[in-house]
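Visitor: Let me begin by handing over the structure; questions about it come next.
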Amino acid sequence: MMLKCLAIADLFIDKNMMEKGLQELKQKNIDITIRQWQHKDLEALQRDNIRLEKQGSEAVLLPEELLAGVEEYDFIITQFAPVGKQVIDKAKKLKFIGVLRAGIENVNSAYAREKGITVFNTPGRSNTSVSEFTVGLILSEIRNIARANKKLKEGKWQKQYPNGVLAPELKESIVGLIGYGAIGQRVANLIRPFGGKIIFFDDYYTGESPDTKVSLDELVRQADIISMHYRLTPETKNMLNKEHFSKMKKNAVVINSARSGLINEQDLIEALQQKLIAGAAVDVFDKEPLPEGHPYLTLENVTITPHIAGSTVGNFGNSPSILAKRMINEYLAK
(Lines give C-alpha, C1' and ligand atoms only; values in the text may rest on other atoms or scores of the structure.)
Protein backbone atom coordinates (compact mmCIF):
# COMPACT_ATOMS: atom_id res chain seq x y z
CA MET A 1 0.00 0.00 0.00
CA MET A 2 1.29 3.47 -0.92
CA LEU A 3 2.03 5.73 2.04
CA LYS A 4 0.50 9.21 1.95
CA CYS A 5 2.12 12.46 3.12
CA LEU A 6 0.52 15.86 3.71
CA ALA A 7 3.10 18.65 3.40
CA ILE A 8 2.00 22.08 4.65
CA ALA A 9 3.79 24.94 2.89
CA ASP A 10 3.84 28.59 3.99
CA LEU A 11 5.15 31.95 2.83
CA PHE A 12 8.76 31.03 3.66
CA ILE A 13 8.79 27.47 2.31
CA ASP A 14 6.32 27.65 -0.56
CA LYS A 15 4.81 24.86 -2.64
CA ASN A 16 7.62 24.92 -5.21
CA MET A 17 10.32 24.61 -2.53
CA MET A 18 8.37 21.81 -0.87
CA GLU A 19 7.83 19.95 -4.16
CA LYS A 20 11.50 20.18 -5.09
CA GLY A 21 12.81 19.24 -1.66
CA LEU A 22 10.60 16.18 -1.17
CA GLN A 23 11.49 14.49 -4.47
CA GLU A 24 13.44 11.77 -2.67
CA LEU A 25 10.29 10.77 -0.77
CA LYS A 26 8.37 10.54 -4.06
CA GLN A 27 11.09 8.25 -5.34
CA LYS A 28 10.35 6.02 -2.33
CA ASN A 29 6.78 5.65 -3.66
CA ILE A 30 5.25 8.06 -1.12
CA ASP A 31 2.24 9.98 -2.39
CA ILE A 32 2.71 13.66 -1.45
CA THR A 33 -0.04 16.28 -1.23
CA ILE A 34 1.14 19.87 -0.76
CA ARG A 35 -1.18 22.53 0.68
CA GLN A 36 -0.37 26.09 1.75
CA TRP A 37 -1.13 27.65 5.14
CA GLN A 38 -2.36 31.01 3.87
CA HIS A 39 -1.42 34.37 5.39
CA LYS A 40 -1.86 37.81 3.88
CA ASP A 41 1.79 38.68 4.49
CA LEU A 42 4.95 37.61 6.32
CA GLU A 43 4.06 39.73 9.36
CA ALA A 44 0.81 37.80 9.83
CA LEU A 45 2.67 34.48 9.58
CA GLN A 46 5.27 35.69 12.04
CA ARG A 47 2.57 36.71 14.55
CA ASP A 48 1.15 33.19 14.45
CA ASN A 49 4.63 31.71 14.71
CA ILE A 50 5.46 33.81 17.78
CA ARG A 51 2.20 32.76 19.46
CA LEU A 52 3.05 29.12 18.83
CA GLU A 53 6.61 29.51 20.11
CA LYS A 54 5.45 31.20 23.30
CA GLN A 55 2.17 29.36 23.97
CA GLY A 56 2.62 25.98 22.29
CA SER A 57 0.93 23.98 19.57
CA GLU A 58 -2.66 24.60 20.71
CA ALA A 59 -2.41 28.41 20.48
CA VAL A 60 -3.35 28.59 16.78
CA LEU A 61 -5.91 26.43 14.94
CA LEU A 62 -5.51 25.43 11.31
CA PRO A 63 -8.40 26.08 8.88
CA GLU A 64 -10.57 23.04 8.20
CA GLU A 65 -9.88 23.05 4.45
CA LEU A 66 -6.18 22.58 5.11
CA LEU A 67 -6.95 19.36 6.98
CA ALA A 68 -9.48 17.89 4.55
CA GLY A 69 -9.01 14.11 4.45
CA VAL A 70 -6.22 14.25 7.04
CA GLU A 71 -7.39 10.89 8.41
CA GLU A 72 -5.95 9.26 5.27
CA TYR A 73 -2.38 10.51 5.75
CA ASP A 74 0.49 8.54 7.28
CA PHE A 75 2.88 11.52 7.44
CA ILE A 76 2.53 15.26 8.04
CA ILE A 77 5.38 17.63 7.20
CA THR A 78 5.22 21.23 8.43
CA GLN A 79 7.43 24.21 9.12
CA PHE A 80 5.32 26.68 11.10
CA ALA A 81 1.81 25.24 10.76
CA PRO A 82 0.65 23.82 14.12
CA VAL A 83 0.07 20.11 14.66
CA GLY A 84 -1.76 20.07 17.97
CA LYS A 85 -3.97 17.59 19.76
CA GLN A 86 -6.94 18.34 17.52
CA VAL A 87 -4.98 17.55 14.34
CA ILE A 88 -3.41 14.41 15.83
CA ASP A 89 -6.83 13.11 16.92
CA LYS A 90 -8.23 13.62 13.41
CA ALA A 91 -5.23 12.01 11.69
CA LYS A 92 -6.11 8.43 12.63
CA LYS A 93 -3.37 6.83 10.48
CA LEU A 94 -0.62 9.29 11.43
CA LYS A 95 2.76 7.66 12.07
CA PHE A 96 5.21 10.50 11.56
CA ILE A 97 5.41 14.31 11.93
CA GLY A 98 8.31 16.10 10.27
CA VAL A 99 9.19 19.67 11.30
CA LEU A 100 11.24 21.73 8.85
CA ARG A 101 13.28 23.54 11.50
CA ALA A 102 15.08 22.83 14.76
CA GLY A 103 12.33 24.00 17.14
CA ILE A 104 9.20 21.87 17.46
CA GLU A 105 7.08 24.23 19.59
CA ASN A 106 4.31 24.10 16.96
CA VAL A 107 3.87 20.34 17.46
CA ASN A 108 2.30 18.69 20.50
CA SER A 109 5.20 16.27 20.67
CA ALA A 110 4.27 14.82 24.07
CA TYR A 111 0.78 13.90 22.86
CA ALA A 112 2.21 12.54 19.60
CA ARG A 113 4.54 10.24 21.52
CA GLU A 114 1.59 8.99 23.60
CA LYS A 115 -0.05 8.00 20.32
CA GLY A 116 3.09 6.25 19.07
CA ILE A 117 3.83 8.94 16.49
CA THR A 118 7.44 9.76 15.65
CA VAL A 119 8.39 13.48 15.57
CA PHE A 120 11.45 14.54 13.57
CA ASN A 121 12.91 18.02 13.35
CA THR A 122 15.56 19.45 11.01
CA PRO A 123 18.58 20.17 13.22
CA GLY A 124 21.37 22.19 11.74
CA ARG A 125 19.39 23.88 8.98
CA SER A 126 20.14 27.35 10.42
CA ASN A 127 23.81 26.77 11.19
CA THR A 128 25.16 28.64 8.18
CA SER A 129 22.62 31.44 8.03
CA VAL A 130 22.72 32.33 11.74
CA SER A 131 26.48 31.99 12.15
CA GLU A 132 27.22 34.19 9.13
CA PHE A 133 24.69 36.77 10.34
CA THR A 134 26.27 36.74 13.80
CA VAL A 135 29.65 37.67 12.33
CA GLY A 136 27.88 40.40 10.37
CA LEU A 137 26.34 41.77 13.57
CA ILE A 138 29.72 41.74 15.30
CA LEU A 139 31.42 43.65 12.50
CA SER A 140 28.52 46.06 12.10
CA GLU A 141 28.50 46.86 15.82
CA ILE A 142 32.20 47.22 16.55
CA ARG A 143 32.97 49.02 13.25
CA ASN A 144 29.81 51.21 13.35
CA ILE A 145 28.73 50.17 9.86
CA ALA A 146 24.95 50.46 10.32
CA ARG A 147 25.01 53.65 12.37
CA ALA A 148 27.52 55.32 10.02
CA ASN A 149 25.23 54.49 7.09
CA LYS A 150 22.29 56.01 8.98
CA LYS A 151 24.20 59.20 9.79
CA LEU A 152 25.37 59.68 6.21
CA LYS A 153 21.81 59.31 4.93
CA GLU A 154 20.84 62.00 7.43
CA GLY A 155 23.48 64.25 5.85
CA LYS A 156 25.96 63.92 8.74
CA TRP A 157 29.65 63.15 8.12
CA GLN A 158 30.27 61.57 11.53
CA LYS A 159 33.36 59.66 12.59
CA GLN A 160 32.90 59.48 16.36
CA TYR A 161 30.50 56.92 17.84
CA PRO A 162 29.73 55.46 21.29
CA ASN A 163 32.82 53.25 21.09
CA GLY A 164 35.07 56.21 20.27
CA VAL A 165 36.80 57.73 17.25
CA LEU A 166 38.94 54.65 16.57
CA ALA A 167 36.97 51.40 16.42
CA PRO A 168 38.35 48.11 17.78
CA GLU A 169 39.48 45.25 15.54
CA LEU A 170 38.46 41.60 15.76
CA LYS A 171 42.15 40.72 15.49
CA GLU A 172 42.84 42.32 18.86
CA SER A 173 39.61 41.23 20.58
CA ILE A 174 38.64 38.44 22.94
CA VAL A 175 35.42 36.89 21.63
CA GLY A 176 33.29 35.06 24.21
CA LEU A 177 30.71 32.57 22.92
CA ILE A 178 27.94 31.61 25.33
CA GLY A 179 26.92 28.26 23.89
CA TYR A 180 29.28 26.08 21.88
CA GLY A 181 26.93 23.85 19.91
CA ALA A 182 26.79 23.66 16.12
CA ILE A 183 26.17 27.39 15.59
CA GLY A 184 28.58 28.54 18.30
CA GLN A 185 31.35 26.37 16.86
CA ARG A 186 30.66 27.60 13.34
CA VAL A 187 30.85 31.21 14.54
CA ALA A 188 34.20 30.33 16.11
CA ASN A 189 35.41 28.83 12.82
CA LEU A 190 34.39 31.98 10.93
CA ILE A 191 35.99 34.32 13.46
CA ARG A 192 39.23 32.41 14.02
CA PRO A 193 40.90 33.58 10.76
CA PHE A 194 40.48 37.20 11.92
CA GLY A 195 43.04 36.42 14.61
CA GLY A 196 41.14 37.19 17.82
CA LYS A 197 41.18 34.95 20.88
CA ILE A 198 38.03 32.84 21.33
CA ILE A 199 36.75 31.69 24.72
CA PHE A 200 33.47 29.91 25.36
CA PHE A 201 31.07 28.82 28.08
CA ASP A 202 28.93 25.71 27.63
CA ASP A 203 27.83 23.42 30.46
CA TYR A 204 27.13 20.59 28.01
CA TYR A 205 30.19 20.65 25.77
CA THR A 206 32.81 18.03 26.64
CA GLY A 207 34.79 17.63 23.41
CA GLU A 208 38.17 18.97 22.40
CA SER A 209 38.46 22.47 20.97
CA PRO A 210 41.11 24.90 19.72
CA ASP A 211 39.28 27.53 21.80
CA THR A 212 39.35 27.97 25.58
CA LYS A 213 36.50 26.80 27.79
CA VAL A 214 35.83 29.07 30.79
CA SER A 215 33.11 29.68 33.37
CA LEU A 216 30.34 32.17 32.59
CA ASP A 217 31.77 34.54 35.19
CA GLU A 218 35.23 34.38 33.59
CA LEU A 219 33.77 34.91 30.14
CA VAL A 220 31.82 38.07 30.97
CA ARG A 221 34.86 39.54 32.74
CA GLN A 222 37.37 38.75 29.97
CA ALA A 223 35.49 39.13 26.66
CA ASP A 224 35.38 42.22 24.48
CA ILE A 225 32.62 40.67 22.35
CA ILE A 226 29.99 38.37 23.90
CA SER A 227 27.70 36.37 21.60
CA MET A 228 24.72 34.21 22.64
CA HIS A 229 24.26 30.70 21.20
CA TYR A 230 22.42 28.69 23.87
CA ARG A 231 18.99 27.13 23.40
CA LEU A 232 16.26 28.83 25.43
CA THR A 233 14.93 26.66 28.26
CA PRO A 234 13.50 27.48 31.69
CA GLU A 235 17.05 27.02 33.03
CA THR A 236 18.71 29.35 30.50
CA LYS A 237 16.09 32.11 30.57
CA ASN A 238 17.71 35.41 31.61
CA MET A 239 21.09 33.65 31.87
CA LEU A 240 22.66 37.01 31.04
CA ASN A 241 21.40 39.78 33.30
CA LYS A 242 22.41 42.86 35.33
CA GLU A 243 24.75 40.79 37.50
CA HIS A 244 26.79 39.97 34.40
CA PHE A 245 26.62 43.41 32.79
CA SER A 246 28.12 44.91 35.95
CA LYS A 247 31.17 42.63 35.54
CA MET A 248 31.79 43.32 31.84
CA LYS A 249 34.48 45.57 30.42
CA LYS A 250 33.38 49.11 29.57
CA ASN A 251 34.30 48.41 25.94
CA ALA A 252 32.31 45.14 25.76
CA VAL A 253 29.58 44.57 23.17
CA VAL A 254 26.83 41.95 23.44
CA ILE A 255 25.45 40.11 20.39
CA ASN A 256 22.19 38.16 20.35
CA SER A 257 21.05 36.33 17.22
CA ALA A 258 19.69 33.35 19.19
CA ARG A 259 16.67 33.88 21.48
CA SER A 260 15.58 37.05 23.25
CA GLY A 261 14.86 35.29 26.53
CA LEU A 262 18.50 34.30 26.99
CA ILE A 263 19.21 37.91 27.97
CA ASN A 264 17.11 39.94 30.39
CA GLU A 265 16.06 42.60 27.89
CA GLN A 266 15.39 45.33 30.47
CA ASP A 267 18.75 44.71 32.13
CA LEU A 268 20.50 45.03 28.77
CA ILE A 269 18.64 48.26 28.01
CA GLU A 270 19.71 49.71 31.37
CA ALA A 271 23.33 48.63 30.80
CA LEU A 272 23.28 50.44 27.45
CA GLN A 273 21.58 53.52 28.88
CA GLN A 274 24.05 53.71 31.75
CA LYS A 275 26.97 52.92 29.38
CA LEU A 276 28.10 50.01 31.54
CA ILE A 277 29.04 48.40 28.20
CA ALA A 278 29.93 49.96 24.85
CA GLY A 279 27.11 48.51 22.77
CA ALA A 280 24.99 45.62 21.58
CA ALA A 281 23.63 44.10 18.37
CA VAL A 282 20.26 42.38 18.67
CA ASP A 283 18.13 40.42 16.17
CA VAL A 284 15.56 38.99 18.63
CA PHE A 285 13.19 40.75 21.03
CA ASP A 286 10.76 39.99 23.85
CA LYS A 287 7.94 41.49 21.76
CA GLU A 288 7.97 41.18 17.99
CA PRO A 289 7.46 43.25 15.92
CA LEU A 290 9.32 45.76 18.08
CA PRO A 291 6.68 48.01 19.68
CA GLU A 292 6.54 51.74 19.01
CA GLY A 293 8.50 53.68 21.62
CA HIS A 294 10.80 50.78 22.54
CA PRO A 295 14.05 52.05 24.12
CA TYR A 296 16.16 50.30 21.46
CA LEU A 297 14.72 52.71 18.88
CA THR A 298 16.37 55.73 20.51
CA LEU A 299 19.62 54.26 21.85
CA GLU A 300 22.73 55.19 19.86
CA ASN A 301 24.79 52.25 21.10
CA VAL A 302 22.68 49.35 19.80
CA THR A 303 22.33 47.83 16.31
CA ILE A 304 18.94 46.20 15.75
CA THR A 305 17.58 43.96 12.97
CA PRO A 306 14.05 42.49 12.62
CA HIS A 307 14.68 38.80 13.44
CA ILE A 308 16.28 37.95 10.08
CA ALA A 309 19.35 35.94 11.10
CA GLY A 310 17.91 32.72 9.67
CA SER A 311 16.21 34.28 6.65
CA THR A 312 18.25 32.87 3.77
CA VAL A 313 17.37 30.86 0.68
CA GLY A 314 19.68 28.09 1.84
CA ASN A 315 18.09 27.89 5.28
CA PHE A 316 14.47 27.60 4.11
CA GLY A 317 14.94 26.12 0.65
CA ASN A 318 17.12 23.20 1.76
CA SER A 319 14.96 22.21 4.75
CA PRO A 320 12.58 19.81 2.92
CA SER A 321 15.52 17.99 1.35
CA ILE A 322 17.32 17.72 4.72
CA LEU A 323 14.19 16.31 6.34
CA ALA A 324 13.51 13.90 3.46
CA LYS A 325 17.01 12.45 3.79
CA ARG A 326 16.61 12.12 7.55
CA MET A 327 13.23 10.38 7.11
CA ILE A 328 14.72 7.91 4.64
CA ASN A 329 17.84 7.16 6.66
CA GLU A 330 16.38 7.10 10.18
CA TYR A 331 12.71 6.20 9.78
CA LEU A 332 11.87 4.51 6.48
CA ALA A 333 15.01 2.36 6.60
CA LYS A 334 13.73 0.57 9.74
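Visitor: For a quick check of your reading of the filter: which chymotrypsin sites (Phe, Trp or Tyr not before Pro) in region 119-165 sit in a DSSP loop and have no more than 12 other Cβ atoms within 10 Å?
Guide: TRP157
Visitor: In nm, give the distance between the simple-model label positions of ILE145 and ARG192, each being 7 Å from the Cα along the Cα-to-Cβ direction.
Guide: 2.2
Visitor: Label-point separation (nm) for GLU64 and ASP89, each offset 7 Å from Cα along Cα-to-Cβ?
Guide: 1.6
Visitor: Within the P(r) computed for region 1-56, what percentage of the Cα pairs occupies the region above 14 Å?
Guide: 61
Visitor: Let me ask something else. Just grab the label-to-label distance for LYS153 and LYS54, each label 7 Å out from Cα along the Cβ direction, in nm (one decimal).
Guide: Label-label distance for LYS153 and LYS54, simple model: 2.8 nm.
Visitor: Could you state the accessible area per residue of the chain in Å², with a 1.4 Å probe and every protein chain left in place?
Guide: That works out to 49 Å² per residue.
Visitor: Tell me the Rg and the Dmax, in Å, that the Cα atoms of region 43-146 produce.
Guide: Answer for region 43-146, Rg first and Dmax second: 17.1, 56 Å.
Visitor: Follow-up question, since we're still on this one. As I understand it, the value is the acute angle between the Cα axis of helix 42-55 and the longest principal axis of the Cα atoms of the chain; what does it come to in degrees, rounded to 10?
Guide: 90
Visitor: So what is the calculated 222 nm ellipticity per residue for the chain, using -39500 (n - 2.57) for each DSSP H run with n of 4 or more, over all residues, to the nearest 500 deg cm²/dmol?
Guide: Dividing the helical sum by the residues of the chain leaves -8500 deg cm²/dmol.
Visitor: Measure off, as a whole percent, the carbon and sulfur share of the 1.4 Å-probe accessible area of the chain, all protein chains present.
Guide: 52
Visitor: May I pose another question? Placing +1 on the Cβ of each Lys and Arg and -1 on the Cβ of each Asp and Glu in region 1-50, which of GLY21, CYS5, ASN49 has its Cα farthest towards the positive end of the resulting dipole?
Guide: CYS5
Visitor: If you wrap a convex hull around the Cα atoms of region 186-334, how much volume per residue is inside, in Å³?
Guide: Hull volume normalised by residue count: 164 Å³.
The values are calculated or read from the model by the stated rules, or taken from the named source; none is laboratory data. From a predicted model like this one, the values you see are computed outputs, not experimental measurements. Note: ideal-geometry Cβ built from the backbone for every residue, glycine included; neighbour counts use all protein chains shown. Areas reflect the complete protein model, heavy atoms only, side chains present, ligands, DNA and RNA absent. Shrake-Rupley method; radii C 1.70, N 1.55, O 1.52, S 1.80 Å.
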